[in-house]
Amino acid sequence: MKARAGIAQAAALVTGLTAASAMLGFLRDVVIAGVFGAGAELDAYFVAQGLMNLVLGLVASAMAKATVPVLAAQNATDGRPDRVGRTLSVALSVTLLVLGLGSLVMGLATSSVVAVLAPGFEGPQAALASSMTRIVLVATVLIAGTNLLAAAAEAHRRFFWAGVQGVPFNLIMIGSAVILGPRYGVTALAVGFVVGSAARLVCQLVPLRALRLRLRPSLDVKDPGFRAIARLVPPLLLGSALGNVNTLVDRAVASTIADGTISALAYAWRLIGIGETLLVASLLTALYPALGAAAGVQNRNEMQRLVGRGLATVATVLFPVCAVLLVCAGPVVALVFEHGSFGPSDTRRTATAVLWYAPALLALGWREVVVHASYALGDSRRPVLVALVAMAVNVAGDLTLGPIFGISGLAASTSLSLVFAAVANTWLLGRRHGAVALRSVPGVVGRTAGAAAAGAAAGALVLRVLSPPADAGVGGNLESVAYTGLAVLGVFVAVLYIVQAPERHLLTEALRLVTLRRR
């Protein structure tokens, strides 16, 4: 019981810190939008950052994820700091050496790399992207070190500093944009990214000192702990790279369409990401330990009940949110981003992306439940295979729909790939493990989708009556979003009660859960 309570408390702490960091990161993007808008220079910054993320996705993230269970097992077995420190030293040394050399090679070939990642960039824009890429690549080893040290702390059940590291990073990024941006342009963001990454690394030195882990450079790849980490890396490596590949292809095609397309897609995805982080993470934190417990005692009936409840909760909470985004994407984007240099044309492009990204929010939450259930059952191979096919769907959509429909095609390709992943993982979980009652899924989706459609119709009517002008300002946009959202949610809940849908009770329970998590 004490172990379960500890897991629950740790999950609540991580969720709270992640939510706080996500909100601050969202504020960072709002500030950046106000200072730089959504144009060619910011497109160049996102491409530079994307290259660094590819390097990290290929190595650092996978190494960090593989390190946690190995160090945790070592700590649980004998609790010897010297053994843990030796394994961590080897993992750090090897990772930093590989990433350092890789970053150096890419830094020397930035012009060629940018030409591949952003074939639509020419002249000053291509030169700016190359220059910022060299700056941002410095952060590669800093973030890799941060991730591995945070993994060591988490293996010892110390979560605070790993969760809080985003706070100084985002504050430094905000300061760079506001103070240095007007004078040095978008290059200030690249410099701020490196300084912020260094601040994240410093945060991880606090728990490291408390754990009394001594780190020394070591390339002893025969260390048993490191070899155990290395065995876990390949599947995690693949999973970490898939999302980055999708983003790179999105941006490569977007670079050939129009200035500001990359930035508009990035801002729109941030809106989707903040919804996924705050809603899905808060609602499902308590579900994941329960899934592991049910899988551990091989209680498939309980597993099926938990997965069904998780999917019903996701559908009940996220369908009306998607309806709001579909109905009033323009006012939402204007309310959040249209300040300073972010003008009406930027709002129109970003709102178009939000409109077509909206289904991805539901798909992300749904996929989160079924994939975690698969992992709890010890099945990681099938989710990775599904992710590979979903990546192919996204890339094919980018290359076909992107050049024809522009922002709409690129965003729709991402949503289509995520919907495919959600459906395929659900079907495999039900057919292979019996952990999903597949016959009940159409009922859950049909009831909540129908109620959301009725809510969307009511919201569209309210928005039409309000008829906010293009220059409505913060007050006008806030009023439009508030009244539209209330109309959507009110009709959605009313329809669930009219048809006596079982999901009608979940909103109240979900609200109570989120409230308790925040106390």
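The values are calculated or read from the model by the stated rules, or taken from the named source; none is laboratory data. Only a predicted model underlies this, so the values are computations on that prediction, with no experimental measurement involved. With ideal geometry, Cβ positions are generated from the backbone for all residues, glycine too; neighbour counts draw on all protein chains shown. What goes into the accessible areas is simple: the full protein's heavy atoms, side chains included, and nothing from ligands, DNA or RNA. Shrake-Rupley method; radii C 1.70, N 1.55, O 1.52, S 1.80 Å.
Structure above, values below:
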{"quantity": "Pairs, first more than 18 Å from Leu279 (Cα to Cα) in the stretch 490-519, second aromatic (Phe, Trp, Tyr) and modelled with pLDDT of 90 or more, C-beta under 6 Å, six or more apart", "calculated": "none"}
{"quantity": "Residue within the stretch 467-474 that is of a type in the set (Asp, Glu), open to solvent by 40 Å² or more (accessible area, probe 1.4 Å) and touching a residue at least 40 places away in the same chain (Cβ under 8 Å) present", "calculated": "yes"}
{"quantity": "Residue match in the stretch 436-452 (condition: at pLDDT below 95, under 30 Å from Arg382 (Cα atoms) and not in a helix (DSSP H, G or I))", "calculated": "yes"}
{"quantity": "Residues that are outside any helix (DSSP H, G or I) and either closer than 17 Å to Phe159 by Cα or among the β-branched types (Val, Ile, Thr) (or both), drawn from the stretch 192-249", "calculated": "Arg212, Leu213, Val221"}
{"quantity": "Qualifying residue in the stretch 105-116 (condition: surrounded by 16 or more Cβ atoms within 10 Å (Cβ to Cβ), in contact (Cβ under 8 Å) with a residue 12 or more places away in the chain and in contact with a Phe, Trp or Tyr (Cβ under 9 Å, 6 or more places away or on another chain))", "calculated": "yes"}
{"quantity": "Checking Val436 against (1) hydrophobic (A, V, I, L, M, F, W, C); (2) surrounded by 17 or more Cβ atoms within 10 Å (Cβ to Cβ); (3) farther than 30 Å from Asn301 by Cβ, the condition it does not meet", "calculated": "(3)"}
{"quantity": "Pair list, Cβ under 9 Å, 6 or more apart: the stretch 426-437 residue in contact (Cβ under 8 Å) with a residue 12 or more places away in the chain and closer than 9 Å to Val370 by Cα, other residue open to solvent by less than 30 Å² (accessible area, probe 1.4 Å) and in a loop (DSSP other than H, G, I, E, B)", "calculated": "Thr426/Val436; Leu429/Asp379; Leu429/Ala435; Leu429/Val436"}
{"quantity": "Residue within the stretch 185-192 that is open to solvent by 50 Å² or more (accessible area, probe 1.4 Å) and over 21 Å from the mean Cα position of the chain (by Cα) present", "calculated": "yes"}
{"quantity": "Test for Val423: is it over 24 Å from Gly330 (Cβ atoms), modelled with pLDDT of 95 or more and open to solvent by 20 Å² or more (accessible area, probe 1.4 Å)", "calculated": "yes"}
{"quantity": "Residue under evaluation Gly100, criteria (1) under 29 Å from the mean Cα position of the chain (by Cα); (2) buried (at least 17 other Cβ atoms within 10 Å of the Cβ), criterion not met", "calculated": "(2)"}
{"quantity": "Val221 being surrounded by fewer than 19 Cβ atoms within 10 Å (Cβ to Cβ), of a type in the set (Val, Ile, Thr) and within 20 Å of Leu96 (Cβ to Cβ)", "calculated": "yes"}
{"quantity": "From the options Val481, Val445, Val491, residue that is in contact with a Gly (Cβ under 6 Å, 6 or more places away or on another chain), closer than 22 Å to Pro359 by Cβ and aliphatic (A, V, I, L, M)", "calculated": "Val491"}
{"quantity": "Residue identified as at pLDDT below 75, assigned to a helix (DSSP H, G or I) and open to solvent by less than 50 Å² (accessible area, probe 1.4 Å) among Ala487, Ala494, Ala510", "calculated": "Ala510"}
{"quantity": "Which listed residue is under 29 Å from Gly163 (Cβ atoms) and assigned to a helix (DSSP H, G or I), from Leu104, Leu51, Leu128", "calculated": "Leu51"}
{"quantity": "Residue in the stretch 362-381 that is over 19 Å from the mean Cα position of the chain (by Cα), on the phi > 0 side of the Ramachandran plot and modelled with pLDDT under 95 present", "calculated": "yes"}
{"quantity": "Matching residues, the stretch 442-458, being crowded, with 16+ Cβ neighbours inside 10 Å and without any contact (Cβ under 8 Å) to a residue 60 or more places away in the chain", "calculated": "Arg447, Gly450, Ala454, Ala458"}
{"quantity": "Residues of the stretch 130-172 satisfying the condition of being closer than 21 Å to Leu97 by Cβ, of a type in the set (A, V, I, L, M) and open to solvent by 50 Å² or more (accessible area, probe 1.4 Å)", "calculated": "Val138, Val141"}
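Residues checked against (1) farther than 30 Å from Asn301 by Cα; (2) open to solvent by less than 60 Å² (accessible area, probe 1.4 Å):
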| position | (1), (2) |
| --- | --- |
| Ala334 | yes, yes |
| Arg367 | no, no |
| Ala373 | no, yes |
| Leu410 | yes, yes |
| Leu418 | no, yes |
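This table checks each residue for (1) small (Gly, Ala, Ser); (2) part of a helix (DSSP H, G or I); (3) modelled with pLDDT of 65 or more.
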position: Arg270; (1), (2), (3): no, yes, yes
position: Gly273; (1), (2), (3): yes, yes, yes
position: Thr277; (1), (2), (3): no, yes, yes
position: Ser282; (1), (2), (3): yes, yes, no
position: Pro289; (1), (2), (3): no, yes, no
position: Gly292; (1), (2), (3): yes, yes, no
position: Met303; (1), (2), (3): no, yes, yes
position: Leu306; (1), (2), (3): no, yes, yes
position: Gly310; (1), (2), (3): yes, yes, yes
